[in-house]
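Visitor: Attaching a single structure in structure tokens format; questions to follow.
The values are calculated or read from the model by the stated rules, or taken from the named source; none is laboratory data. Given the structure is predicted, the values throughout are model-derived calculations rather than measurements. Neighbour counts run over all protein chains shown; Cβ positions are idealised from the backbone, glycine included.
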Amino acid sequence: MTAWLFRPFDLIGGRLALALGVVAIIATALLASATGLVTDGVLDLHLWPAPLGSTDLLLMGLINWLSLSLALLAVGHWLSPSKYQLLDLFAMQAMARWPMFLAVAYLSVPFVRRETERLTEAMLAAMPEQSHEVIAAPAYLLDAMWLFALSTPVLLAIVWMVWLMYHGYAEVFKVRGWQAVLGFVAALIVAEFGSKAIIVLALV
């Protein structure tokens, strides 16, 4: 079970991983569309005032997947001395996005969605007139702590997803050590900003 959760690409790859990854991207888009969430970046998940269409959200998911895959391809090609399979790279990066579906499913729970919206609105409403006294107020601190507690499963899902992305990249290119980690971080940063820019240009 540990291998399936944290090192699945030791067990699966190729076309099956690609099929599972595409299902994850489609399922995430459909559920996010139905519940008013958006995935407007490689690592981003937000509440949205009005639900977007499933086509727009599917396009976001594809942009996120391809942005990171291409960034990792550039880094991995530069770092790796061995041959690699392009199919495995794209397949593993698609499959690595399954935790995002779980995060969307969690935020789709009515109580979680309702409380997150309420706390976010309350804290934003206090921002224009915020002072040190307001920030230190017990009610403000309690709201912030409760919002953090509600958000913890989403943060854990995103951390899990990043680990799977790294594991897939390391498995494809057979890279290890600090150079592999730094290369992955650089690719992730480029892909995050790149995906958001492309989504803005394509959908806004």
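Visitor: State the number of residues belonging to region 174-196 that are surrounded by fewer than 16 Cβ atoms within 10 Å (Cβ to Cβ) and modelled with pLDDT under 95. Give the derivation first.
Guide: Residues of region 174-196 that are surrounded by fewer than 16 Cβ atoms within 10 Å (Cβ to Cβ), as a first pass: 174, 176-179, 181-182, 185-186, 189, 193.
Narrowing the set further to residues that are modelled with pLDDT under 95 leaves 174, 176-179.
Number of matching residues: 5.
Visitor: Looking at Ser80, is it modelled with pLDDT of 85 or more and closer than 24 Å to Leu47 by Cβ? Give the steps one after another, and end with the answer.
Guide: Working: modelled with pLDDT of 85 or more: yes; closer than 24 Å to Leu47 by Cβ: no.
The answer is no for Ser80.
Visitor: In this structure, is Ile26 part of a helix (DSSP H, G or I) and either surrounded by fewer than 17 Cβ atoms within 10 Å (Cβ to Cβ) or modelled with pLDDT under 95 (or both)? Outline the logic, then answer.
Guide: Working: part of a helix (DSSP H, G or I): yes; either surrounded by fewer than 17 Cβ atoms within 10 Å (Cβ to Cβ) or modelled with pLDDT under 95 (or both): yes.
In short, yes.
Visitor: Then there's this: Identify all residues within region 66-106 that are hydrophobic (A, V, I, L, M, F, W, C), touching a Pro at 6+ places or on another chain (Cβ under 9 Å) and over 20 Å from Leu18 (Cβ atoms); write none if there are none.
Guide: Ala103
Visitor: Sticking with this structure for a sec: Among (1) of a type outside the set (Phe, Trp, Tyr); (2) closer than 21 Å to Pro99 by Cα; (3) without any contact (Cβ under 8 Å) to a residue 60 or more places away in the chain; (4) out of contact with any helix residue (DSSP H, G or I) (no Cβ under 7 Å at 6 or more places or on another chain), there is one condition Ala170 misses while meeting the rest; what is its number?
Guide: All conditions are met except number (4).
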